[in-house]
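Step one of this worksheet: look at the structure below.
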Amino acid sequence: MTALVLCGGGSRGAVEVGLYRALVELGVCIVLIVGTSVGAINGAAIAAGISPDDLARLWKALSRRDVFTLNPQLFWKLIWADSLYDHRPLRGFLERRLPVRRFEELAIPLVVTGTDFQSGQPVYWREGDLLDAIMASVAVPGLFPPQIVGDGQVVDGGISDNVPIDVALAEGADTVVFMLCACCERVNGPVRGLLRILRRAVSIAIDRKYHADIQHYTGGARLIVLEPAIDRAIDPLDFTHSDALIECGYVSAMAALKDRVDVAGTRWEKEPSSGRRKDGACGAG
């Protein structure tokens, strides 16, 4: 049973579209998808049956103004506002583009991750309202407001479980394929600016948990880890490089996977349980 795990990374999530295209061309049968943050958006589109070409068109139609509109609360609440940006434009974009509204309508089972802001624990959705789950999963603290779920607040799933390998394994997967799109690379020189400092701090914490998970689960399942060398000049909030990122994901995935899958796409070649690989650099385009 092969699961596709899609992590967070903002605009860099376009590389996952390239991975999806490669998996379709290689005939790999994905029976479960687990998505976090932007990976929840990609995961919902794939699970709903949107083709790689149509998902690529969705990404190319996405602009910064579709995602980031200043929160009107800023003009009267100032620092007491819940976020810099209003989440409603992104929700409207997804309502227009996603063909389904509930998990139960998806063609492939999907798990979406979030973080309980009160307890700090990960939360998972497998049923119910799809858009509510996605909007909670993408609610990066500071950028988007926490979403109210039940009696509590839920924020970006990437904070507690950005690469939810554990969820895929708990659901019965014996092979897990995932592509990192927000690697925490070394930066040259001081980090300046409130948003960049906060993003850098969160990225470091997420990256450390990811590496701990890799060490923990290696040997327990076949982990096929793809790390395309994304141009670090591409800001996670910049949606003008989708074309180049999609191609980057596709080229990286094909190079890593084409010799591992049999013609039917049902078996993986024998290899070490962690198939981690970093592929050639991809420019900003």
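Suppose the Debye formula is applied to equal point scatterers at every Cα of the stretch 1-65; what is log10 I(q)/I(0) at q = 0.18, 0.22 Å⁻¹? For the stretch 1-65 at q = 0.18, 0.22 Å⁻¹, log10 I(q)/I(0) is -0.59, -0.89. Please work out the Kirkwood hydrodynamic radius for the stretch 49-152, using every pair of different C-alpha atoms, and report it in angstroms with one decimal place. When all Cα pairs of the stretch 49-152 are included, the Kirkwood radius is 15.1 Å.
Note that the stretch 31-168 presents 44 Å² accessible area per residue, ligands and nucleic acids not counted, probe 1.4 Å.
In the stretch 86-137, Rg over Rh equals 1.00, where Rg is the alpha-carbon radius of gyration and Rh the Kirkwood radius from pairwise Cα distances.
Per 0.36 nm of contour for each residue apart, how much would the distance between D259 and A170 grow if the chain were fully extended, relative to their Cα-Cα spacing?
On the way: separation 89, 0.36 × 89 = 32.04 nm, distance 2.78 nm.
The span from D259 to A170 would gain 29.3 nm if fully extended.
Taking R0 as 22 Å, what's the FRET efficiency between T240 and R91 from their Cβ-Cβ distance, rounded to 0.05? E(calc), rounded to 0.05, equals 0.50.
If you count the DSSP beta bridges with both ends in the stretch 1-145, what percent of them are antiparallel, to the nearest 5? Write down the numbers at each step before the final one.
On the way: 7 of 16 bridges.
Antiparallel bridges make up about 45 percent of those DSSP assigns within the stretch 1-145.
Find how much the distance from R101 to V24 grows on full extension, using 0.36 nm per residue of separation minus their present alpha carbon separation; answer in nm with one decimal. Please report the intermediate quantities before stating the final value.
On the way: separation 77, 0.36 × 77 = 27.72 nm, distance 2.39 nm.
Extra length available between R101 and V24 comes to 25.3 nm.
The values are calculated or read from the model by the stated rules, or taken from the named source; none is laboratory data. Everything quoted here is computed from the prediction, not taken from an experiment. Note: ideal-geometry Cβ built from the backbone for every residue, glycine included; neighbour counts use all protein chains shown. To get the accessible areas, we keep the full protein, side chains included, count just its heavy atoms, and leave off ligands, DNA and RNA. Shrake-Rupley method; radii C 1.70, N 1.55, O 1.52, S 1.80 Å.
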